[in-house]
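Q: Please read through the structure below; I'll follow up with questions.
The values are calculated or read from the model by the stated rules, or taken from the named source; none is laboratory data. Since we're looking at a predicted model, the values are computed, not measured. Glycine also receives a Cβ, built like all others from the backbone with ideal geometry; neighbour counts cover every protein chain displayed. Accessible surface areas use protein heavy atoms only, side chains included; no ligands, DNA or RNA. Shrake-Rupley method; radii C 1.70, N 1.55, O 1.52, S 1.80 Å.
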Amino acid sequence: MKPLRLIAAMMMGLAVSACATPDTASRNAPLETPERVAPIALDVQSVTVTVPETLEVSEKNRYYPGGDIVWRGDAPGNRHAQVRAMVQAAMERGTADMTLGLPVAVEVEITRFHALTEKARYTVGGVHDIEFILTLKDPVTGAIIAAPREIKADLKAFGGTQAIQAEQRGQTQKVRITGHLAQVIAAELNEPGSFKSADLGIMGLINQL
């Protein structure tokens, strides 16, 4: 690794906390959650999003269904592929202006994607509960530049009349989530540890069940 890249990588790893170990395809990789550190300019040369087939899809129309993936913003179909396409579009949007600085390849692995069921969306609303693992690699060698870390990207989900009015304005679940994730990835790449999920109250706690 060139000295400039080594220095940048060391800066990105400053002030990290203890690691966690999720039960995913990357379960053997150390995960780190950094405190906020000084911004580092990045040149994002590629973005790869994966949604492991091991993630369980729930099509149950309940307020709080189980499973790892809950998505009803597209017609019935391959939910893994639908989520991957949506997140890919979001990550590409969020990194589109990152063309100067340390060259990196961005890898995102979805570990949880809970949007709302029909029942919840048209009544109480809730939380879009989205989690992913972010890894930065050298685009040439594939070497890890910044250790994998978990990002929790929750977003308040509209319900009832608010959801209907939002859809009438074109603010569908897909539009809102895509825009939100674009902002999350931009924040986390510009200044690691800077994005914090809002306190979503009791609904946020229940949605973790």
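Q: May I ask you to list the residues in region 110-141 that are over 13 Å from Tyr64 (Cα atoms) and modelled with pLDDT under 95?
A: Listed by number, the list holds a single entry, Tyr122.
Q: Then there's this: Cβ-Cβ below 8 Å, separation at least six or inter-chain, first residue in region 82-105 and among the basic types (Lys, Arg), second crowded, with 23+ Cβ neighbours inside 10 Å: which pairs?
A: Once the first residue is among the basic types (Lys, Arg) and sits in region 82-105, its partners that are crowded, with 23+ Cβ neighbours inside 10 Å give Arg84/Val51.
Q: Taking region 80-128, which residues are over 18 Å from Arg176 (Cβ atoms), in contact with an Asp or Glu (Cβ under 9 Å, 6 or more places away or on another chain) and either surrounded by fewer than 18 Cβ atoms within 10 Å (Cβ to Cβ) or not hydroxyl-bearing (Ser, Thr, Tyr) (or both)?
A: If the condition is that a residue be over 18 Å from Arg176 (Cβ atoms), in contact with an Asp or Glu (Cβ under 9 Å, 6 or more places away or on another chain) and either surrounded by fewer than 18 Cβ atoms within 10 Å (Cβ to Cβ) or not hydroxyl-bearing (Ser, Thr, Tyr) (or both), then His80, Met98, Thr99, Leu100, Gly101, Leu102, Pro103, Val104, Ala105 are the ones that fit.
Q: If you take the residues in region 149-195 that are among the basic types (Lys, Arg) and open to solvent by 40 Å² or more (accessible area, probe 1.4 Å), which one is nearest to the chain's Cα centre (by Cα)?
A: Checking each candidate, the answer is Lys152.
Q: Pairs only if they're at least six apart or on different chains, beta carbon under 7 angstrom, first in region 42-58 and under 21 Å from Leu116 (Cα atoms) and modelled with pLDDT of 95 or more, second among the polar types (S, T, N, Q) and surrounded by 17 or more Cβ atoms within 10 Å (Cβ to Cβ); list them, first residue then second.
A: What qualifies is Pro52/Thr24.
Q: Could you say whether any residue in region 115-124 is of a type in the set (Gly, Ala, Ser) and touching a Ser or Thr at 6+ places or on another chain (Cβ under 9 Å)?
A: no
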